[in-house]
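Step one of this worksheet: look at the structure below.
The values are calculated or read from the model by the stated rules, or taken from the named source; none is laboratory data. Quick caveat: nothing in here was measured; it's all calculated off a predicted structure. Neighbour counts are summed over all protein chains in view; Cβ atoms, including those assigned to glycine, are modelled from backbone coordinates with ideal geometry.
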There are 4 protein chains.
Amino acid sequence: MTRKLTERGRARRRQILDVAAGLFAERGYHPTSVADIVEALGVGKGVFYWYFESKEDLFLEILASSSQDLRRRQQSAIGDEPDPLRRIELGIRASLAWFREHRRLINLQQFAATEDRFAAALRQHDAVAIDDITRHLKEAMADGTVPAGQDPAMLAHALVGATRHLARTYLFTADEPVEVVADVAVRFVIGGLVAEEPPARRLSR
Amino acid sequence: MTRKLTERGRARRRQILDVAAGLFAERGYHPTSVADIVEALGVGKGVFYWYFESKEDLFLEILASSSQDLRRRQQSAIGDEPDPLRRIELGIRASLAWFREHRRLINLQQFAATEDRFAAALRQHDAVAIDDITRHLKEAMADGTVPAGQDPAMLAHALVGATRHLARTYLFTADEPVEVVADVAVRFVIGGLVAEEPPARRLSR
Amino acid sequence: MTRKLTERGRARRRQILDVAAGLFAERGYHPTSVADIVEALGVGKGVFYWYFESKEDLFLEILASSSQDLRRRQQSAIGDEPDPLRRIELGIRASLAWFREHRRLINLQQFAATEDRFAAALRQHDAVAIDDITRHLKEAMADGTVPAGQDPAMLAHALVGATRHLARTYLFTADEPVEVVADVAVRFVIGGLVAEEPPARRLSR
Amino acid sequence: MTRKLTERGRARRRQILDVAAGLFAERGYHPTSVADIVEALGVGKGVFYWYFESKEDLFLEILASSSQDLRRRQQSAIGDEPDPLRRIELGIRASLAWFREHRRLINLQQFAATEDRFAAALRQHDAVAIDDITRHLKEAMADGTVPAGQDPAMLAHALVGATRHLARTYLFTADEPVEVVADVAVRFVIGGLVAEEPPARRLSR
DNA sequence: AATGAATGAGGATTCATTCAT
DNA sequence: AATGAATGAATCCTCATTCAT
């Protein structure tokens, strides 16, 4: 079903992807009908099904491409920075900048987690991000910057959770400067990663 | 429109609430039809509308009552603990324990954020939780445990984000012991909260 | 199914009849549910079905009793007036007074005509009224007051149509004094009944 | 929401309008389901909603277009007749002819009056007809044919009531020749309009 | 490539009526 | 007599998808 498309065809396809992402993000996946999408584009319904197998398909593609786009942004920000913790910081800053620009997409990931048919795909994309971070963490543990003995994947998830939630909360509207949010996020996350066991330990039980 | 209910009526109402929460969490809100709910209960379709105004209404109620339940759990765990950071720790541990028991409900909050008509309600409930944490943080800032100068609400969101995401990832199945996740969460979060500016600062830019 | 009712039972029955007539007239038959009726009365649903076979049944009874009530009013107004045209006038005046008092019921007759299952009953009740009038007209034709040669039933319908429509239009709200409407109605109707052929004839074709 | 329709589309739309008008008139608005309508057409349920916003909408459109159609017929019958009373006669005759041809539609107007959401629209359409007649009457009063001193709008309503009721009663089936009914209607109405006050006056009180 | 038209299963909701207590 | 609870067919409407042109 993957069609060979002319230049114009590829443009139209991207156009559908964009408009749909916008509508999905704004209203939600289910409340947005294929009819809404094509109407927003001012074209007939046939157009949609010429370029996409199904609504579900389209959503999956938006999901995949946004994850890829975000990752590209992170990697280009990180470059060949040697310090693993610094790489994490750069990744967080890049992610927040990306979220601000594509704030509408945060909702899509959010939603994808709640329905089986999308959750699997989402998990895969997330795994890639978690892997990246885990790699940095292992290195940081090796050189002693981050105390060893904790599951790096778990730390990676804590990091991702904090970052995304901050993005969701403060970057959805354009009010808060990214810089401010990023500073808090970085300090919080790095602090959490390098934290020694004792103080927390002593408190518990 | 609030009906006078007999004992039996209240039981049935609760039953619907439970079954529906389960189905919503498992399959998602939209993929779960009212027909599915009543069928799972083995009753006629009218029963649903005897107890609830609409499907939307039911969802909203599930959302509200789960937030309240979680909060009750946190507060009873915190008791009258005087140390604010310790209160936060107890809150996190209580939350994770609650999430494990009600892991199905995590998805509902997740979903609620993606559709306008639910997002507003969700934000209100979240605000309560954030307020609680913010209060602890201000106290901790006052006594110097947590460095002042940062927006306590923002820190609260970072904390919540990390905690929830860990819950979502590791407590959804029963594989990971809550203790383990809680230890990581607490160490990460407390570490993040008490982190001094310098190291993060030096790294950035 | 006709129950033996206690005094209190008969009162409740009448109460239902009244409330239902009000709601039917105000909102229409279909938009008024049995639930609405019992709710307006503040009783349970069982009550309704204790006193009435069905919603349809209830409506039919309202229809019948209102026709009877109107007829009683007409007859008592007419008394033993010997002049047939004068009897018609008195009937019209009595009808309009009744319509003003029971203006809500005009709609019910109106509606009844539009559904088969009610139309038959309505026709029967109407036939009674038409018969009454027809009798007066025949008498008036016999004594020469009304020119003979026209179908008295047809004239009766013209009379009824004019009167009811005026009632519907001007008596539905309490603004217009009945007297004024009645004067116009009587003059118009009597004028129409006594009209000689020539002027109309000459004009047509 | 007004769609661009092809020739074929417009034909289908009209077809729905016709079939629905027939069913509504025959069985009533509520007893006729959208399913009935599309089934009568032998098409899928979606077709209906491709052409109409809702069942209510469709009904409103039928109402409006039938009023317009009737008015067109009246006006073309009246032409440029100078005598106002003669214009009224021609209007009545044209109306009755139209009612005979579209006898099914009488019921729709009848019904529309009984539910708020339709009554308003109906009143507007009726107002147009009443205005037309009122204009003729004022002219007739000016030239002395119709005695002045009465509210012309009220007379117009009496006229309309008599005419419509005769139509409803005698033209619903094809038994009665329109001519006969029209002759009675015209003689009755014109007689009612030109009636002098005295005789009626003397009788009353 | 694209359009308007059509499909029909599925969804939320209503409601007259019945029933157990 | 009366209540709250329950039934389930029926209703309006939506929507992903397909089709003829």
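A compact table of results
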{"quantity": "Some residue of segment B:51-63 being of a type in the set (G, A, S), more than 12 Å from DNA strand F (Cβ to nearest atom), outside any helix (DSSP H, G or I) and surrounded by fewer than 18 Cβ atoms within 10 Å (Cβ to Cβ)", "calculated": "yes"}
{"quantity": "Members of segment D:115-135 found to be within 18 Å of D:S65 (Cα to Cα), in contact (Cβ under 8 Å) with a residue 12 or more places away in the chain and more than 10 Å from chain C (Cβ to nearest Cβ), listed by number", "calculated": "D:A121, D:L122, D:H125, D:V128, D:A129, D:D132"}
{"quantity": "D:R3 among the basic types (K, R), near DNA strand E (Cβ under 10 Å from one of its atoms), assigned to a helix (DSSP H, G or I) and outside the structural domain of D:L96 (by TED's automatic domain parsing)", "calculated": "no"}
{"quantity": "Some residue of segment B:96-105 being of a type outside the set (G, A, S), within 16 Å of DNA strand E (Cβ to nearest atom) and either in a helix (DSSP H, G or I) or not assigned by TED's automatic domain parsing to the domain that holds B:H165 (or both)", "calculated": "no"}
{"quantity": "Number of positions in segment C:136-166 that are in contact (Cβ under 8 Å) with a residue 12 or more places away in the chain and in a helix (DSSP H, G or I)", "calculated": "17"}
{"quantity": "Candidates A:A142, A:A129, A:A112 - the one that is small (G, A, S), in the same structural domain as A:T163 (by TED's automatic domain parsing) and touching a Pro at 6+ places or on another chain (Cβ under 9 Å)", "calculated": "A:A142"}
{"quantity": "Subset of segment A:6-27 (residues that are within 14 Å of DNA strand E (Cβ to nearest atom) and surrounded by 14 or more Cβ atoms within 10 Å (Cβ to Cβ))", "calculated": "A:R12, A:R13, A:Q15, A:I16, A:L17, A:V19"}
{"quantity": "Single match in A:R73, A:R86 (criterion: without any contact (Cβ under 8 Å) to a residue 40 or more places away in the chain, under 22 Å from the mean Cα position of the chain (by Cα) and either surrounded by fewer than 18 Cβ atoms within 10 Å (Cβ to Cβ) or more than 14 Å from chain B (Cβ to nearest Cβ) (or both))", "calculated": "A:R73"}
{"quantity": "Residues satisfying the stated conditions in segment C:167-182, i.e. among the β-branched types (V, I, T) and not in a loop (DSSP other than H, G, I, E, B)", "calculated": "C:T169, C:V178, C:V180, C:V181"}
{"quantity": "Qualifying position, being surrounded by fewer than 22 Cβ atoms within 10 Å (Cβ to Cβ), within 27 Å of C:A182 (Cα to Cα) and of a type in the set (G, A, S), among D:A97, D:A129", "calculated": "D:A129"}
{"quantity": "Among residues of segment C:15-47, those that are more than 12 Å from DNA strand F (Cβ to nearest atom) and part of a helix (DSSP H, G or I), counted", "calculated": "13"}
{"quantity": "Exclusive hit being closer than 14 Å to C:R164 by Cα and modelled with pLDDT under 95, set C:L96, C:L105, C:L70", "calculated": "C:L105"}
{"quantity": "Qualifying positions in segment C:8-49 - more than 30 Å from D:F118 (Cα to Cα) and in contact (Cβ under 8 Å) with a residue 24 or more places away in the chain", "calculated": "C:G9, C:R12, C:R13, C:V47"}
{"quantity": "Residues located in segment B:182-192, provided they are more than 7 Å from every other protein chain (Cβ to nearest Cβ) and of a type in the set (A, V, I, L, M, F, W, C)", "calculated": "B:A182"}
{"quantity": "Complete set of residues in segment C:115-124 that are of a type in the set (D, E) and either buried (at least 18 other Cβ atoms within 10 Å of the Cβ) or in the same structural domain as C:V19 (by TED's automatic domain parsing) (or both)", "calculated": "C:E115"}
{"quantity": "Yes/no for D:P147 being surrounded by fewer than 17 Cβ atoms within 10 Å (Cβ to Cβ) and not aromatic (F, W, Y)", "calculated": "yes"}
